[in-house]
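Input: a single structure, listed below in structure tokens.
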Amino acid sequence: MKRIALLGATGSIGRQAIEIVSEHPELELVAAASGTQPVDGLAPLTQVGGDLTELLERAEPDVVLNAVVGFAGLPVTLWALEAGVDLALANKESLVAAGELALAAQERGAGLLLPVDSEHSASFQCLEGRDPASVESLVLTASGGPFRGRSADELADVTPSEALAHPTWNMGPKITVDSATLANKGLELIEAHFLFGLSYDRLEVVVHPTSIVHALVRFRDGGALAHLGYPDMRVPISYALTYPERASTPVPSLDLSAGLTLEFHPPDLEAFPLLALAREAGERGGTAPCVFNAANEVAVEAFLEERIRFADIAEIVAASLESLDLSPAADVEELSAADAQTRAFAEGALSRA
Ligand code: NAD
Ligand code: MG
């Protein structure tokens, strides 16, 4: 039996995780939590809001699935890594914001860090057991979102409902907007840097509209390994929860009988400046990824509330990175202060946008 604690149980990832757990008798949901919606009866221990690490202490899980959205998921990530409890990580924002602190905690705790993000689960599978010296680069695929092919001018005034209409993935609102701006792929670049220890010059992003290929790893002999499958998060969720067994899922295997054409294009960094800004923030290091993430969270929420325009999201993130101190955080307190300062700055920038 594997005891699973699920944080973010009412969200898109959380609900799919419950489906996976209910299909596998060897998986037991021992704790479930959400931010605001009720979770009564989902698990023996439940919690709405409050300190998630208290719930984790009581639950004594074998695996923590962090499916909280945003920086709010940080205590969960750090708790699991520090305690050496295996962490199935959907909450990319915590690893982006606190990469160095998280990796230090993992080194002390010595538990597994299993990515749930589809591109990173794919990368993990292509990289597992390989000699790092044989790896040339990692390629993350992006669907391009609902606005693929549009120019910066055509994007200025798109609405939240247009941004929420994702062509291939059905996800929570924050990550769906991030997919429309390509900030999501930017967060994923930084996530991949910390997960796989690859420098940014060995991390590529390519637009692949059908989301069939989730990632590719290029090796020094000219070969590349890719992970293919229908875009369905139940596959990476199940992979992480049943690792290393790779249990079966209800997701069908690729149907090749009708043919399969795979298209790839370079991303348009001018129309989608948040991807380039994220790469810069990652290369810059220190608290730059934390600042990028916090400013983006504030701006996305404001965009969803129709307080700012689509193009303002990137403007607010860029202004935050230009104006704030980006020196490294020595501990969680300093990191949380950088996050809070960025939120205050970005809130101020909203009214000027
Ligand atoms: P969602 O908005 O559907 O769900 C978020 C969950 O987090 C909800 O259960 C909510 O109650 C909980 N939550 C929010 N704030 C909280 C707080 N302060 N304390 C405790 N719980 C809180 O989001 P989602 O789409 O399921 O995404 C969750 C995470 O997984 C995000 O980091 C996202 O980037 C990542 N992810 C999602 C997908 C996907 O297909 N949805 C794919 C890859 C990665
Ligand atoms: Mg992803």
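Pairing residues of segment 161-189 that are farther than 16 Å from G14 by Cα with residues that are near ligand 2 (Cβ under 9 Å from one of its atoms) and part of a helix (DSSP H, G or I), at Cβ distances under 6 Å and at least 6 apart in sequence or on separate chains, gives H166/S179; D178/N184; N184/I175; L187/K92; E188/E119.
Of the candidates P244, P236, P231, the single residue that is within 16 Å of ligand 2 (Cβ to nearest atom) and either over 24 Å from P167 (Cα atoms) or in a helix (DSSP H, G or I) (or both) is P236. Filtering E280, E270, E245 for residues that are more than 20 Å from the chain's Cα centre (by Cα) and closer than 24 Å to S151 by Cβ leaves a single hit, E270.
Determine whether E19 is touching a residue at least 60 places away in the same chain (Cβ under 8 Å) and within 16 Å of ligand 2 (Cβ to nearest atom). Spelling it out, it is not the case that E19 is touching a residue at least 60 places away in the same chain (Cβ under 8 Å) and within 16 Å of ligand 2 (Cβ to nearest atom).
Applying the criterion of being closer than 21 Å to D232 by Cα and in contact with a Pro (Cβ under 7 Å, 6 or more places away or on another chain) to the residues of segment 70-116, the residue that is farthest from ligand 2 (Cβ to nearest atom) is L89. Here E280 passes the criteria (1) part of a helix (DSSP H, G or I); (2) under 30 Å from V63 (Cα atoms) except the one numbered (2). Only residues that are more than 30 Å from A152 (Cβ to Cβ) and in contact (Cβ under 8 Å) with a residue 40 or more places away in the chain were counted in segment 237-282, giving 12. Determine if segment 300-317 includes at least one residue that is under 30 Å from I212 (Cβ atoms), surrounded by fewer than 24 Cβ atoms within 10 Å (Cβ to Cβ), in contact with a Phe, Trp or Tyr (Cβ under 7 Å, 6 or more places away or on another chain) and not hydroxyl-bearing (S, T, Y). Yes, there is a match, as at least one residue in segment 300-317 is under 30 Å from I212 (Cβ atoms), surrounded by fewer than 24 Cβ atoms within 10 Å (Cβ to Cβ), in contact with a Phe, Trp or Tyr (Cβ under 7 Å, 6 or more places away or on another chain) and not hydroxyl-bearing (S, T, Y).
For the structure I just gave you, tell me whether T176 is among the β-branched types (V, I, T) and within 16 Å of ligand 2 (Cβ to nearest atom). Yes: the conditions hold for T176. Residue count for segment 7-48 satisfying the condition of being polar (S, T, N, Q) and under 21 Å from T249 (Cβ atoms): 3. Answer yes or no: is there a residue in segment 156-179 that is surrounded by fewer than 19 Cβ atoms within 10 Å (Cβ to Cβ), among the hydrophobic types (A, V, I, L, M, F, W, C) and either away from ligand 1 (no atom under 16 Å from the Cβ) or on the phi > 0 side of the Ramachandran plot (or both). The answer is yes, given that some residue of segment 156-179 is surrounded by fewer than 19 Cβ atoms within 10 Å (Cβ to Cβ), among the hydrophobic types (A, V, I, L, M, F, W, C) and either away from ligand 1 (no atom under 16 Å from the Cβ) or on the phi > 0 side of the Ramachandran plot (or both).
Within the set R246, R343, R307, the sole residue that is of a type in the set (K, R) and closer than 19 Å to S94 by Cα turns out to be R343. In summary, A9 fulfils each of the numbered conditions (1) surrounded by 20 or more Cβ atoms within 10 Å (Cβ to Cβ); (2) within 14 Å of ligand 1 (Cβ to nearest atom); (3) over 19 Å from the mean Cα position of the chain (by Cα); (4) not β-branched (V, I, T) with the single exception of condition (3). Checked against the criterion of being in contact (Cβ under 8 Å) with a residue 40 or more places away in the chain, under 24 Å from S118 (Cα atoms) and not in a strand (DSSP E or B), segment 52-62 contains one or more residues that satisfy it.
Only one of the numbered conditions (1) at pLDDT 95 or above; (2) of a type outside the set (K, R); (3) away from ligand 2 (no atom under 13 Å from the Cβ); (4) under 30 Å from R218 (Cα atoms) is violated by P167, and that is (1).
The values are calculated or read from the model by the stated rules, or taken from the named source; none is laboratory data. Everything numeric in this text was worked out from a predicted model, so none of it was measured. FYI the Cβ positions are ideal-geometry reconstructions off the backbone, even for glycines, and counts take in every protein chain you see.
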